[in-house]
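Bear in mind these aren't lab numbers, they're just calculated from the coordinates by the rules spelled out. Bear in mind the structure is a predicted one, so any value in this text is a computation, not a measurement. Using ideal geometry, Cβ is built from the backbone for each residue, glycine included, and neighbour counts are taken over all protein chains shown.
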Amino acid sequence: MRTFRLPVFVYLTLVFLSGALVGALAHRFYTVQAVKARPAPPSSEQMRRQYVEDLQTRLKLSDVQLGQLEEILEATGKRYHELRKKWGPETRAIQEEQTERVRALLNEAQRAEYEKMRQERDQRRRRGGPERGFGPKPGPGPGPKPGPPR
């Protein structure tokens, strides 16, 4: 009887260790595939620095040209800022008109859900989520909707 204990123990130990190894590898591959974080988009300042660096490297700008380029980019940035300030109220008015027209075509229940959707979108914007449209909500999808019993 004693002769069978050692091979059984070795066999069970090998099965356990191989299961642990397979589980560890599966977990590693799962996390590599399932968690792919997108890098944050570059800020306007990072894009500007990259643009200046590219121009300086590829065009071999002199120090004088580099200074003039910085002045041009600064002036252009100020003009864009002024333009956004000028168009801001007009853009908000157009958005508000659209919202009112959509509200007018909805019934009461739809209007309540529409307002809820708008609040969710505004919350995502404040947290830095997707800004355009109503889009999918963060997190897992809603899944299939249950149908009527058959």
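I want the local charge near residue 80. Using Cβ-Cβ distances under 14 Å, sum +1 for each Lys or Arg and -1 for each Asp or Glu among the other residues.
Charge balance near residue 80 sits at +3.
Excluding residues fewer than 8 places away in the same chain, name every one of the aspartates and glutamates whose C-alpha is closer than 20 Å to that of residue 116.
Residue 116 reaches 96, 97, 100, 108, 131.
Among 38, 121, 103, 126, rank each residue by its count of other Cβ atoms within 10 Å, from fewest to most, as a rough exposure measure.
Exposure proxy ranking, most exposed first: 38, 126, 103, 121.
Can you tell me the Rg and Dmax of region 42-129, counting just the alpha carbons, in angstroms?
For region 42-129, the Cα radius of gyration and maximum Cα-Cα distance read 21.4, 66 Å.
If I stretch the segment between residue 101 and residue 50 completely, what's the gain in nm (0.36 nm per residue apart, minus their alpha carbon distance), one decimal?
Length difference between fully extended and current span is 14.1 nm.
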